[in-house]
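Everything on this sheet refers to the single structure shown next.
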Amino acid sequence: MAKLQPASEQLDALVIGAGFAGLYQLHTLRDKLGLRVRVLEAGSGVGGTWYWNRYPGARCDSESYYYSFSFSDELQQQWGWNERYPEHGEIRRYLNFVAEKFDLRRDIRFDTRVTSAAFDDEANLWHVETEDGQRLSARFLITAVGCLSSANIPKIPGLESFRGEWYHTGRWPHEPVDFTGKRVGLIGTGSTGIQATPVIAEQAAHLTVFQRTANYSIPARNGPVPEEEQRAIKADYAAIRELGRKSQNGHPFLVAPESALDVTPEERLARYEAAWERGGLRFRAAFRDLLIDKAANDTASDFIRAKIRSIVKDPVTAEKLTPKDHPFATKRPPIDSNYFETFNRDNVSLVDIKASPIIEITPAGIRTQDAEYELDIIVFATGFDAMTGPLLSIDIRGQDGLTLRESWAAGPRTYLGLQVAGFPNMFTITGPGSPSVLTNMPVAIEQHVDWITRCIQDMRDQGLTRIEADPAAVERWVAHANDAANATLLPQAGSSWYLGANVPGKPRVFMPYAGGMANYAAICEQVTAKGYEGFILSAPKPVGQEAGQGAVVG
Ligand code: N01
């Protein structure tokens, strides 16, 4: 770290990020435990990923009534959602409402980017520095930086020479971009590109979609939430939340108990048709074995391929749009509003950049191996340096100056996705090795925040001031997380961001925990019940006094 200025503030806990995770963590530590807490946030407002992702069509793929906090019944009764899938602006309004209701803003510093955090072994404190030179110290450092917040902008030669405008979807301007009359090129066909394509196509003179990997997508079936449905949801919230917590992915529906291979072809087709009509991520729940048995998965993948071919009128385009290189849902499955239908428009064309790769960006547009496309605007819907990117963009140093980057050189290694060995008193909300991105995020976030809050409370009650992951527990957890991933088809998608494969040079490690949300939460409960098994707790005294050793709280 550069030469340090004296700390301007001494805190009990410092939280990085003011999205869902940071807001709730501030509330629990400050308002339940009475700690001195500060949140540092790079953006000018609350929202986290939703502060930055304002691209056309940006909305959540979880349904609004459960993509929300469950910790306050008063909150969930007060707030009403307009759409089945909330649009980015509606989510920001919700999070602003939460910040207002719980008076959170007074402890958040906006426009404050954390650049470094270093653990001081002697003082048992984290020293944190910000881009604008602030320095703060805290006993606990809690990262609430999000899993999908580091934009992945591919290093395509010539970008700086481009005469038009270009944008990354995850860093979208606050003012809407006007596509009217423009020739637009969009690179990337993940969830984001699939959401943005139909909306941009309606405005642009021409939209060219540059696709590297064809993707499966299920219709979202978005629409307004009728008053009557809102009332029914609010009356039933306790059961809805309970079901979400008990489920595999934090969604309040259960996966069907049958195998896709145990029913007749007619029954299977009828079930897929019904799931397609209902729409949304729930399609995955049509049968229990879609993510564990390739033959079962083939039936779903074939069903969706047939749908794509039936929707897209031009057979050549349909064939290019049909995914063939990975099983359905082994990459995060997008949901859409008229994505495949958009390719029937006269002002939309598809370029297969696997067959003809992009060579460079020229002043006039994009040049592939076969052709040059003249463009006024380029949209990069190229995703994120997921999960590890936001953490590694901060210079984090643990004991003996060990950097997180060194510690994770071969890929992230954590205990429960909550702590990294050698980084005492640092908690990583929805960190790699936890269910995080495989779930409905607010469920995973609330579970982590509640666990961390309970842990800090227990430590305080026991007079303990340091918690660190036992390296042996990290070994065991990494092995278990690998086994959990390998028991599914998920690692089979070679180009998935779950594996870090979308970022050149990133180690290929399956990053989220695939053993299921409910199962994971039960493991965390057991760890607590067994006196924080796998963690080493202590009460080190300042230098010169004898250090307390290995006490364990129950
Ligand atoms: O990013 P992605 P995303 N040249 O990584 C392509 C969440 N999300 O922003 O597949 C050319 O999925 C890349 O191609 P390939 C959700 O969890 C949530 O779309 O690597 N192309 C791919 O097509 C989601 O999964 C919501 O071959 C390049 C695309 O860009 C996650 O965010 C909404 C390239 C990137 O797809 C990420 O989605 C939207 C290159 N150099 C997103 N590099 C919700 O509703 C990459 N690509 C909550």
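Summary of computed values
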| item | result |
| --- | --- |
| Test: PRO512 is more than 24 Å from ILE142 (Cβ to Cβ) and in a loop (DSSP other than H, G, I, E, B) | no |
| Subset of region 395-422 that is aliphatic (A, V, I, L, M) and out of contact with any helix residue (DSSP H, G or I) (no Cβ under 8 Å at 6 or more places or on another chain) - its residue that is farthest from ALA18 (Cα to Cα) | ALA410 |
| First in region 313-342 and within 26 Å of PRO56 (Cα to Cα), second anywhere and among the basic types (Lys, Arg), Cβ under 7 Å, 6 or more apart | ALA318/ARG309; THR322/ARG305; THR322/ARG309; ALA329/ARG284; PRO333/ARG284 |
| Filter result for PHE328 (in a helix (DSSP H, G or I), within 16 Å of the ligand (Cβ to nearest atom) and open to solvent by less than 70 Å² (accessible area, probe 1.4 Å)) | no |
| Failed condition for SER137, given (1) in contact with a Phe, Trp or Tyr (Cβ under 7 Å, 6 or more places away or on another chain); (2) open to solvent by 30 Å² or more (accessible area, probe 1.4 Å) | (2) |
| Those strands (runs of 3 or more DSSP E) lying entirely in region 151-262 with at least 3 residues within 12 Å of the ligand (Cβ to nearest atom) and over 22 Å from the mean Cα position of the chain (by Cα) | 206-211 |
| Members of region 174-187 that are open to solvent by 30 Å² or more (accessible area, probe 1.4 Å) and under 17 Å from THR382 (Cβ atoms) | none |
| Considering residues of region 485-509 that are crowded, with 21+ Cβ neighbours inside 10 Å and assigned to a loop (DSSP other than H, G, I, E, B) only, the residue nearest to the ligand (Cβ to nearest atom) | ASN502 |
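Conditions tested, residue by residue: (1) within 16 Å of PHE340 (Cα to Cα); (2) without any contact (Cβ under 8 Å) to a residue 12 or more places away in the chain.
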site: GLY188; (1), (2): yes, no
site: ALA196; (1), (2): yes, no
site: ALA204; (1), (2): no, no
site: VAL209; (1), (2): yes, no
site: ARG221; (1), (2): yes, no
site: VAL225; (1), (2): no, no
site: GLU228; (1), (2): no, yes
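The rows are residues; the columns are (1) buried (at least 24 other Cβ atoms within 10 Å of the Cβ); (2) outside the structural domain of ARG30 (by TED's automatic domain parsing); (3) not hydroxyl-bearing (Ser, Thr, Tyr).
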{"position": "ILE394", "(1), (2), (3)": "no, no, yes"}
{"position": "GLY411", "(1), (2), (3)": "no, no, yes"}
{"position": "THR414", "(1), (2), (3)": "yes, no, no"}
{"position": "VAL443", "(1), (2), (3)": "yes, no, yes"}
{"position": "ARG460", "(1), (2), (3)": "no, no, yes"}
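The values are calculated or read from the model by the stated rules, or taken from the named source; none is laboratory data. Source: prediction; values computed, not measured. All Cβ positions, glycine included, derive from the backbone under ideal geometry; neighbour counts span all protein chains shown. Keep in mind that these areas ignore ligands, DNA and RNA; they rest on the heavy atoms of the full protein, side chains included. Shrake-Rupley method; radii C 1.70, N 1.55, O 1.52, S 1.80 Å.
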